[in-house]
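Student: Just passing along the structure, written as structure tokens.
What follows draws every value from the coordinates through simple rules; no lab data is involved. Only a predicted model underlies this, so the values are computations on that prediction, with no experimental measurement involved. Here the Cβ positions follow ideal geometry from the backbone for every residue, glycine too, while neighbour counts run over all protein chains shown.
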Amino acid sequence: MDENIISGLNDELENVIDEGREMLDRAEIKEKIEEARTEAELLIRKHPIQSVIVGAFAGYIFARMFKSDK
């Protein structure tokens, strides 16, 4: 019976460790996304006209890609 208790505790501990790792991974991803967002904002503020032109061109390309041929 003691082995069952120890086994159960080991399983519980393993689950908690796995959840902790998942939380750290999510935090790292959020941090990387925030860094990319900040860099993009700085680039747009530094080159606003070029950013508008690139955005318009990208919108045009996406519209052409998803345009239905009716």
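Student: Work out the length of the dipole vector of the chain about its Cα centre, built from +1 on the beta-carbon of each Lys and Arg and -1 on the beta-carbon of each Asp and Glu, and round it to the nearest 20 debye.
Tutor: For the chain, the charge dipole is close to 1340 debye.
Student: Mean residue ellipticity at 222 nm from the helices of the chain, using -39,500 (n - 2.57) per DSSP H segment of n ≥ 4 over the full residue count, to the nearest 500 deg cm²/dmol? Walk me through the intermediate numbers first.
Tutor: Working: 2 runs with 64 residues, N = 70.
Helix-only estimate at 222 nm: -33000 deg cm²/dmol.
Student: Give the label of the value calculated from the structure for Kirkwood radius over Cα pairs in Å, choosing from (1) 13.5; (2) 13.0; (3) 17.0.
Tutor: Checked against the structure: label (3).
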